[in-house]
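Q: Can you read through this structure? Questions will come right after.
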């Protein structure tokens with residue numbers, strides 16, 4: 001538990017900059033510290049009504065109540081009509097009725113308004129000032145009908161309105177408006193003084209459910225289908241005048257759930273399909289007259305969740321799941337459950353005593369801990385396809401907006417909207433046209449309308465080669481790749497992409513952007529630093545010129561996947577001009593004769609039995625080019641063999657060259673999303689020299705069913721690494737790299753990565769960088785690394801964890817070839833029909849057997865290690881297997897055939 005909380009705190013410090021969400025004030029509707037939403041700051045209220053084009057709300061100002069329309073922008077947030085202060089309208093709009101007195105049918109919004117001639121009546125608007133007018137004068141004269149509970153019921157307006165008899169006695173009627181006919185029909189008369197509608201309408205596709213009290217039955221559940229004949233009491237649950245007092249009403253998949261009380265069962269959950277006979281007790285969780293006091297339902301992942309007290313009263317807010325039947329209502333095992341919400345097809349919920357966020361798919365005992373928060377009272381606000389927003393109170397930030405993407409590292413505060421330990425208390429979040437809006441208090445403007453923006457390009461710019469040294473970019477001057485820029489405050493590093501461009505997003509505020517050229521480059525302009533304001537139009541450019549001419553080159557071969565036996569594998573041969581002058585030359589690659597070259601883009605000028613050559617022409621400084629290779633690996637007979645790929649880049653007219661060797665063991669199964677480090681280190685501890693470059697590669701593949709538009713890689717660098725030595729080596733596609741503290745992010749925006757079923761060879765990608773350990777790290781320091789891969793709006797894919805144990809001197813080890821391995825490990829009989837004998841020169845401690853798919857099918861650890869052991873694979877099917885043996889610190893392997 002402590003480790004989870006500590007990890008979260010570390011990630012908060014490192015990753016906060018990488019939140020793709022930035023809160024921005026839409027408009028200070030009532031200037032100053034006063035809020036026009038002051039009467040609606042309760043979580044159960046509904047404050048906004050939306051159409052396809054806009055959203056609408058009431059504002060209460062000093063001189064009256066107004067009805068507003070917003071398209072989500074500051075300039076598009078305007079009042080449609082303003083009603084002068086009057087007691088009649090105030091009593092309606094400023095009451096504690098939890099539903100906004102407005103409803104949308106298509107792009108027409110019906111709401112409650114007032115004028116001197118008609119009193120409080122039903123109004124309508126098409127979103128324009130001219131189209132905002134009285135819709136219907138239900139009660140002629142100045143009394144008004146005080147419409148309430150406005151609901152869109154199957155394209156008709158369902159609502160409650162007052163009417164008066166000749167003696168001015170007031171009655172309530174449920175009415176329904178046929179919008180096309182501009183007529184209103186009475187459905188049911190609610191008698192004066194003895195009537196009460198405790199909840200606004202709860203709608204299914206067929207019925208509107210409501211609770212209603214009269215002198216015969218007390219408060220019970222009723223329903224209407226929009227006709228008088230179809231409006232009636234569903235069940236007198238508490239027989240007589242007392243009433244069952246139903247509440248916590250909701251509809252899930254056209255079944256109506258509610259909480260009701262009677263003598264026989266206490267307060268329990270009931271369910272109705274809208275018929276009398278289909279209205280029944282769901283389950284008596286606390287048998288007899290004891291109440292379990294169940295909560296309202298939350299639908300998540302196709303299941304229905306709720307909380308209730310234990311039958312003996314020993315615990316509260318226990319988590320249950322139901323399919324709508326008595327038998328299918330199960331206790332899931334957790335208690336003290338607080339806020340609940342549907343996210344990523346499962347239930348996310350909080351534990352209010354321990355401030356934990358947990359998840360479940362709805363199976364008993366299937367409850368997973370996501371994070372323990374460093375604060376109090378977490379409460380979910382809104383979920384999107386990719387992000388879940390919630391608020392939590394901490395001693396340092398107050399009650400603020402947080403977010404999670406369903407992973408620990410993706411759980412952190414979005415922004416301290418009200419700085420310090422004061423609270424912005426975000427509330428009433430909703431989605432409209434792809435954006436998220438909510439109310440918050442920043443300490444200056446009162447509770448006002450805010451929205452979340454995704455500023456992927458708030459600040460952009462370019463670092464270019466100033467060939468004419470005039471300090472001004474020309475059209476033919478190339479961009480410089482992988483140039484480092486520093487953004488302050490925050491000590492944020494951003495790197496230019498293959499075109500010399502960069503983008504960065506951040507919270508609103510003032511920043512400086514500075515280029516940090518290496519010793520081979522110098523600034524050509526007057527200033528190396530810009531002051532910018534976010535948000536705003538911020539475009540910055542930096543020109544660099546060479547100091548002393550220096551030719552240099554680098555080359556590297558990267559595979560899209562392990563060498564999978566018999567399969568086609570994509571390789572990228574990258575070469576980059578590491579100097580500051582234009583170069584020409586040649587590129588060479590040697591591949592094993594057993595490998596078949598299917599395609600090379602561009603094609604080599606020479607292909608001599610696996611020895612390939614390309615010409616290198618006019619490679620600009622920092623320019624990176626790549627050769628795409630499609631190679632077919634050897635078959636299963638080569639499983640366990642090691643392939644070597646040797647590449648070389650030579651600069652013409654010099655003796656300058658670069659070399660790279662890639663070694664891969666042929667396997668028959670693999671994970672397409674992984675992390676690799678080179679050198680991997682030796683022995684089980686992965687011993688690696690302290691002063692070595694650690695060359696990391698993150699590989700990814702779109703194994704989904706459609707094109708991926710954005711891929712984001714997030715990588716938290718180990719504290720033992722020297723961040724100043726970080727170098728970006730290459731990537732499969734153009735990407736934007738950035739770093740804050742130990743948190744790296746690589747964003748492939750608009751990558752258009754095809755899925756593996758559409759184009760398997762091109763469904764892969766990678767990024768590669770290198771870094772050194774800190775000087776003076778302790779002997780045997782372990783450096784770990786893993787990455788998180790995000791495809792569009794999907795949850796993170798977590799790679800394997802690499803590790804290196806850093807030492808000053810490597811331990812001695814014996815390097816053995818295939819013949820030497822066969823001499824030191826004997827496997828017989830081979831082929832075999834079941835039992836095999838193993839002989840080694842050292843005591844055999846462990847044996848592993850892999851099938852042709854690279855899957856581990858047999859593992860045996862010997863309590864009494866000795867040089868001779870035997871195992872049986874009699875129960876496995878015929879085929880080729882790989883036998884690996886651990887004998888002391890040595891490892892040997894041989895292929896085995898089973899008949």
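Just so it is clear, none of the values below were taken in a lab; they were calculated from the coordinates. Treat the numbers as computed from the prediction; the structure is a model and nothing was measured. Note that each Cβ is placed from the backbone with ideal geometry, even for glycine, and that neighbours are counted across all protein chains shown.
Q: Suppose R0 equals 25 Å; then what is the FRET efficiency for residue 227 and residue 163 from their Cβ-Cβ distance, rounded to the nearest 0.05?
A: 0.85
Q: Could you calculate the FRET efficiency of residue 325 with residue 377 from 1/(1 + (r/R0)^6), where r is the beta carbon distance between them and R0 is 41 Å, rounded to 0.05?
A: Calculated transfer efficiency: 0.75.
Q: Considering only DSSP beta bridges whose two residues both sit in the range 459-546, what percent are antiparallel, to the nearest 5?
A: Expressed as a percentage, antiparallel bridges in the range 459-546 total about 75.
Q: If packing is taken as the average number of other Cβ atoms within 10 Å across a peptide's residues, how do 626-635, 306-315 rank, most packed first?
A: Going from most to least packed, we get 626-635, 306-315.
Q: For the ranges 415-427, 770-782, what's the packing order if you count other beta-carbon atoms within 10 Å of each residue, average per peptide, and put the highest first?
A: Peptide ranking by packing, descending: 415-427, 770-782.
Q: Label the range 543-633 by shape, choosing from rounded, prolate and oblate, from the square roots a ≥ b ≥ c of the eigenvalues of the Cα gyration tensor; if a/c is under 1.5 it is rounded, and otherwise prolate applies when a/b is larger than b/c, oblate when it is not.
A: prolate
Q: Something else about it: Mind checking the angle between helix 2-15 and the chain's longest principal axis? C-alpha axes, 0 to 90 degrees, to the nearest 10.
A: Helix 2-15 sits roughly 80 degrees off the main axis of the chain.
Q: Please state the shape class of the range 51-165: rounded when a/c is under 1.5, otherwise prolate if a/b exceeds b/c and oblate if not, all from the C-alpha gyration tensor.
A: oblate
Q: I've got another one for you. Note down the nm distance, to one decimal, between modelled labels 7 Å out along Cα→Cβ at residue 263 and at residue 599.
A: It is 8.1 nm.
Q: Modelled label-to-label distance, residue 897 and residue 779, 7 Å Cα→beta-carbon offset: nm?
A: The two pseudo-label positions are separated by 5.0 nm.
Q: What number in nm² do you get for the chain if you take the convex hull of its Cα atoms and divide its surface by four?
A: 47.9
Q: Can I ask one more? Taking 0.36 nm per residue of sequence separation and subtracting the Cα-Cα distance, how much length would be gained by fully extending the chain between residue 833 and residue 568, in nm to one decimal?
A: Difference between extended and current length: 92.2 nm.
Q: Along each of the three principal axes of the Cα atoms of the range 633-757, give the extent in whole Å, ordering the values from largest to smallest.
A: 45, 43, 41
Q: Determine the gain in length on full extension of the stretch residue 142-residue 116; use 0.36 nm per residue of separation and subtract their C-alpha separation, reporting nm with one decimal.
A: Using 0.36 nm per residue and subtracting the Cα-Cα distance, I get 8.7 nm.
Q: Stretch residue 527-residue 299 to full length: gain in nm at 0.36 nm per residue minus the Cα-Cα span?
A: So the extension gain works out to 76.3 nm.
Q: Using only DSSP helix segments of four residues or longer, with each worth -39500 (n - 2.57), what per-residue ellipticity at 222 nm results for the chain after dividing by its residue count and rounding to 500?
A: -1000 deg cm²/dmol
Q: Hey, rough spin-label estimate for residue 860 and residue 91, points 7 angstrom out along Cα→Cβ, what's it come to in nanometres?
A: About 9.0 nm separates the two model spin labels.
Q: What is the spread of the Cα atoms of the range 818-898 along each of their three principal axes, largest first, in whole Å?
A: 30, 29, 21 Å, listed from the longest principal axis down.
Q: Right, here's the next one. Taking the Cα atoms of the range 459-546, report the difference between the largest and smallest coordinate on each principal axis, in whole Å and largest first.
A: 36, 25, 25 Å, listed from the longest principal axis down.
Q: Is any residue of the range 504-525 close enough, with backbone N under 17 Å, to a label point placed 7 angstrom from the Cα of residue 539 along the Cα-Cβ axis, and if so, which?
A: 504, by backbone N distance to the label point.
Q: So, one more: Once the Cα gyration tensor of the range 281-436 is diagonalised, what are the square roots of 5 times its eigenvalues, in whole Å and ordered largest first, as equivalent ellipsoid semi-axes?
A: Working through the eigenvalues yields semi-axes of 30, 17, 13 Å.
Q: Please work out the FRET efficiency for the pair residue 248 and residue 684, using the Cβ-Cβ distance as r and a Förster radius of 60 Å; give the result to the nearest 0.05.
A: 0.55
Q: Mind running the shape call on the range 352-457? Use the C-alpha gyration tensor, a ≥ b ≥ c as the square roots of the eigenvalues: rounded below 1.5 for a/c, prolate if a/b tops b/c, oblate otherwise.
A: oblate
Q: Taking one equal scatterer on every alpha-carbon of the range 682-813, how large is log10 of I(q)/I(0) by Debye at q = 0.14, 0.17 1/Å?
A: -0.67, -0.89
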